[in-house]
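Heads up, the thing below is written out as structure tokens.
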Amino acid sequence: MSTLSLDLRQRILATYDAGEGTRQDIADRYKVSLGMVKKLLSQRKRTGDIAPLHSHSGRKPYFTQEHRKQMKTLIDRQPDITLWEIREQLELDCTLPAIHYVLKDMGMSFKKNASRQRARARRRETRTG
């Protein structure tokens, strides 16, 4: 969904202010949702401006820079710490994959050392005949 132009926003509000129909009629006329008309009216009432509020849109990140610093500190102190332990120690309310992706984004990964790896199953030889 693209952002409505300032011109279209002004026309929608001018039509509403002129009393040329209900909010639903105006939404239908300009091919926007009823919610968009309500949002414009609310935004104008609240801020006095109808320009797009891009800086306020979208989902806010759960992990702050402080969380990232704390994770780095935990891993530096205890390199074999598990994702579950990180979540518990930092009292995070998130999934383990979420922590994994943050650590991956930070360029950190957990590499198992050879002594911890499971022994490989021997490959079966196929018999002929």
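Provide the FRET efficiency to the nearest 0.05 for the S33-Y62 pair, computing r from the beta carbons and using R0 = 35 Å. Between S33 and Y62 the formula returns 0.80.
By the count of other C-beta atoms within 10 Å, a proxy for reagent exposure, V102, V37 are ordered fewest to most as V102, V37.
No lab work stands behind these numbers, since they all come straight from the coordinates. Being a predicted model, the structure only gives us computed values, none of them experimental. So basically every Cβ, Gly included, is an ideal-geometry build from the backbone, and we count neighbours across all protein chains shown.
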